[in-house]
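Working notes, structure below.
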Amino acid sequence: MKKLMLNRLLLVFVICSMLLAIVPVASAVENPTWIKATDTAPWARYYFASCSYAGKLWIFGGNSGGVLNNDAWWSINGTTWYLANVSCAWGVRHEFSALVFDGKMWIIGGSDYVGQLGDVWWSTDGADWHQALAGGAGWVARGTYASCVFNGSMWLMGGWWDAIGMMNDAWYSSDGINWNMANATCAWSSRRMTPAVVYDNKMWIFAGFDGTVYNDTWYSSDGAEWIQATPAANWTARYAIQSAVYDNKMWVMGGVDVIGLLNDTWYSTDGINWTQTTALANWSARYGGNTEIFRNSMWILGGADIAVVLSEVWYTYKAHPTPPAPPYDIVNNLTTQILPIMIIIAILLIAVTAATGNLDMPTLLGILACVIIAMVVLNLLAGNPPI
């Protein structure tokens, strides 16, 4: 009898292990490019700030459909989100960005209900924020600007100020307090809603809007002299796009062109020649979302489509034999696939045991224990509470 019970327990563990092994692969085959981590994050917004810091994904503030926010959220898996601060010291805002620099998270400027902002704040935990600069840095208050970390400094470029319109200046700082102007009028035209990325030891900007919608690409190794890589990339002119550097490539995704919202994805290794990976990604066409690189994956966060402010989180990873680190697919299928299958298996084993007349309490408890242990392990891998 003891041998029979051990064999049954071993069978449960083997089946559970097989499920854990094959589910991530099956999910990747079904959708080899983008996988949804959640569509019900506890925030829904666009034109917010985000970053990857201290092993967590972070989002800050933003617009949730006419209501501006100053909260801070974090996640270790993109599915389960925790509130670090419901009302950060920097006040409600949108159209701003977050940078990771000098071991801290930084937010710069943006727009509130009144107009544009010129302050700078930093934090090491997302809850307590310290003001590095109240304003008067030399650069005027602005929103929808481009920013990045490059060559030991934080960079701020272009954007919009209600008083003067769009700008094409470039500023940098190594402490968030003292800012230096690299160029008052960069070679690229004044614009807003353009991203900045760092690639091949250069800063790059793509696309944007100044009344005209652009699909040009520019790069600089010092922030002062800018060189046009191409006046017209083979993706349509657009703004409010999502961009990142991933897998040794520069990526341009989604945004708004003269026709409407987009959900195509493109990459380039030189800023001139661009390759389209998909014309219609399985995340909906959108604008005002963010892209982060986190745990060896590229993530799409939030945004808005033509009718809805989104609370979705998506990720992709490089096509190689090793699946992404857990809990990506496990989290995505935890309640919809894995647990129901394991429960069905347990019920079948109990039914078979009962039918053969060999059901005993230790066997029953052992099977249930296996299911509970599997639930606990999966939830811990997902960064969730054990049950």
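Odds and ends about this structure:
- Among residues of segment 287-307 being free of Cβ contacts under 8 Å to residues at least 60 places away in the same chain and on the phi < 0 side of the Ramachandran plot, the one that is nearest to the chain's Cα centre (by Cα) is Thr291.
- Residue, farthest from the chain's Cα centre (by Cα), within segment 106-115, restricted to residues that are within 20 Å of Ala72 (Cα to Cα) and assigned to a loop (DSSP other than H, G, I, E, B): Tyr113
- The condition of being in the same structural domain as Ser174 (by TED's automatic domain parsing), free of Cβ contacts under 8 Å to residues at least 24 places away in the same chain, more than 22 Å from the chain's Cα centre (by Cα) and closer than 28 Å to Tyr199 by Cα holds for only one of Gly138, Gly158, Gly118, Gly152, that being Gly152.
- Strands (runs of 3 or more DSSP E) completely within segment 10-75 that count 3 or more residues being at pLDDT 75 or above and more than 26 Å from Thr144 (Cα to Cα): 35-38
- Among the conditions (1) in contact with an Asp or Glu (Cβ under 6 Å, 6 or more places away or on another chain); (2) surrounded by fewer than 18 Cβ atoms within 10 Å (Cβ to Cβ), Met166 misses just one, which is (2).
- Failed item in (1) more than 30 Å from Ser243 (Cβ to Cβ); (2) surrounded by fewer than 13 Cβ atoms within 10 Å (Cβ to Cβ); (3) modelled with pLDDT of 70 or more, with Gly366 passing the rest: (2)
- Selection count where residues are farther than 23 Å from Ala54 by Cα and either in a loop (DSSP other than H, G, I, E, B) or charged (D, E, K, R) (or both), scope segment 126-176: 15
- Residues in segment 102-122 that are crowded, with 20+ Cβ neighbours inside 10 Å and farther than 15 Å from Ala134 by Cα: 1 in all.
- Of residues in segment 277-297 being at pLDDT below 95 and either in a strand (DSSP E or B) or of a type in the set (S, T, N, Q) (or both), the one surrounded by the most Cβ atoms within 10 Å (Cβ to Cβ): Ser297
- Test for Asn234: is it at negative phi, assigned to a strand (DSSP E or B), polar (S, T, N, Q) and surrounded by fewer than 22 Cβ atoms within 10 Å (Cβ to Cβ): no
The values are calculated or read from the model by the stated rules, or taken from the named source; none is laboratory data. Values in this document were obtained by computation on a predicted structure and should not be read as measured data. Because the Cβ atoms are built from the backbone with ideal geometry, glycine has one as well, and the counts that use them run over all protein chains shown.
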